[in-house]
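Following: one structure in structure tokens, then a few remarks.
Since every read-out is calculated from the coordinates, none of them should be taken as a lab result. All figures in this text were calculated on a predicted structure; none of them were measured in a lab. Reconstructed Cβ throughout: ideal geometry from the backbone, glycine too, with neighbour counts over all protein chains shown.
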Amino acid sequence: MAKRGGFPGGMPGNMNNLMKQAQKMQRQMEEAQKELEEKEITATAGGGAVEVTISGKKEITKVKLSEEVVDPDDIEMLEDLIMAATNEALRQLEEVSSNSMAKITGGMGGLGGMF
């Protein structure tokens, strides 16, 4: 017969501890997500000619253009620079998010590497 609180086969009864750790990790992840949503990331392209700022919610909050980059005869270049700055800001946000989650999970992905 298994010990009270244990599992058949002698597995230790640490299920309560596992649940507490999972709940603590869940709270930490929620706090980290909230902090991330409050951040703003700014990236530039074209040597600073185009600047795009995004929020942690992945919403563009600001676009700043230098006068010299606004050329009606070369709209395509301006479009490319805006796209490049936006993609860089999104990449930086993803990096910040990944680093934040790695601190919580110990870099093991999932719930401490359980999944």
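The number of residues in the stretch 50-88 that are touching a strand residue (DSSP E or B) at 6+ places or on another chain (Cβ under 7 Å) and within 15 Å of Glu37 (Cβ to Cβ) comes to 5. Residues in the stretch 53-88 that are surrounded by 15 or more Cβ atoms within 10 Å (Cβ to Cβ), under 28 Å from Glu30 (Cβ atoms) and either in contact with an Asp or Glu (Cβ under 9 Å, 6 or more places away or on another chain) or among the β-branched types (Val, Ile, Thr) (or both): Thr53, Ile54, Ser55, Gly56, Thr86.
Residue count for the stretch 45-75, restricted to those that are in contact (Cβ under 8 Å) with a residue 24 or more places away in the chain and among the small types (Gly, Ala, Ser): 4. On inspection, Ala32 qualifies as surrounded by 15 or more Cβ atoms within 10 Å (Cβ to Cβ) and within 13 Å of the chain's Cα centre (by Cα).
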